[in-house]
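So the structure is just underneath, and the comments pick up after that.
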Amino acid sequence: MAIRHKCFISYHHADQQAVDDFVKTFDHHHDMFIVRQLGEMPEDIINSNDTDYVMRRIREDYIRDSTVTLVMMGKCTWARRYVDWEIQASLRPAPNTSLPNGLLGIKLPTFTKFPERFDLNLLQPNAAKNTNYAGYIDHPTSADRLAIAIDWAFARRSTHKELVNNPRERFSNNRQCP
């Protein structure tokens, strides 16, 4: 059996049903990963307009003990400030390991485009092969495909951490999504 990595799941709440189905299929039925996500319980919601405080809480309470962040990307995921903040927090080295989380995007059927901070960590046009930190897959149809992708993202935490592109600027508001 493959190693089960603790995965933080970042997503737009409009995709809640797809995320719930994904977790049910790949965590509950196939034991592919151990899920961590914001909003698992009603008291988990961080109610503050102070972005530094929210970022610290996301990092300390949800991402700190995870090793891979799965970004579930639907139609408007790219426009959500919390997704930007969660990706930014994931790309910061964790105090206990000095490694960032691996970063893996999962394209949902409604996918339209990558979140900007996620895109900064993908292989860019005209770049040399293997010069990206993040990767993505279409919504997986098999547990094996997902396991390979999660292991890939986990390995890049140490083999490609110098490629992380994580600017300090972050969304202050959600963007307009058609």
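The values are calculated or read from the model by the stated rules, or taken from the named source; none is laboratory data. Being a predicted model, the structure only gives us computed values, none of them experimental. Because the Cβ atoms are built from the backbone with ideal geometry, glycine has one as well, and the counts that use them run over all protein chains shown. To get the accessible areas, we keep the full protein, side chains included, count just its heavy atoms, and leave off ligands, DNA and RNA. Shrake-Rupley method; radii C 1.70, N 1.55, O 1.52, S 1.80 Å.
Quick notes
- Filtered by the rule that a residue be under 10 Å from the mean Cα position of the chain (by Cα) and of a type in the set (Val, Ile, Thr), the stretch 77-115 gives 83, 87, 106.
- Residues that are in contact (Cβ under 8 Å) with a residue 60 or more places away in the chain and surrounded by fewer than 16 Cβ atoms within 10 Å (Cβ to Cβ), drawn from the stretch 152-164: 161
- Scanning the stretch 118-148 for residues that are small (Gly, Ala, Ser), over 21 Å from residue 20 (Cα atoms) and surrounded by 15 or more Cβ atoms within 10 Å (Cβ to Cβ) gives 134, 135.
- Complete set of residues in the stretch 154-176 that are farther than 23 Å from residue 81 by Cβ and either touching a Leu at 6+ places or on another chain (Cβ under 9 Å) or outside any loop (DSSP other than H, G, I, E, B) (or both): 154, 155, 156, 157, 158, 159, 161, 162, 163
- Counted residues, the stretch 81-112 - those being at pLDDT 95 or above and basic (Lys, Arg): 1
- Flag if residue 95 is crowded, with 21+ Cβ neighbours inside 10 Å and assigned to a loop (DSSP other than H, G, I, E, B): no
- Boolean, residue 108 is farther than 12 Å from residue 69 by Cβ and open to solvent by 70 Å² or more (accessible area, probe 1.4 Å): no
- Note on the stretch 67-91: residues that are open to solvent by 10 Å² or more (accessible area, probe 1.4 Å) and either outside any helix (DSSP H, G or I) or more than 19 Å from residue 165 (Cα to Cα) (or both) total 4.
- Residue in the stretch 46-66 that is touching a His at 6+ places or on another chain (Cβ under 7 Å) and either open to solvent by less than 30 Å² (accessible area, probe 1.4 Å) or at pLDDT below 80 (or both) present: no
- Enumeration of residues in the stretch 119-166 that are more than 14 Å from the chain's Cα centre (by Cα) and polar (S, T, N, Q): 124, 126, 130, 131, 132, 141, 142, 158, 159, 165
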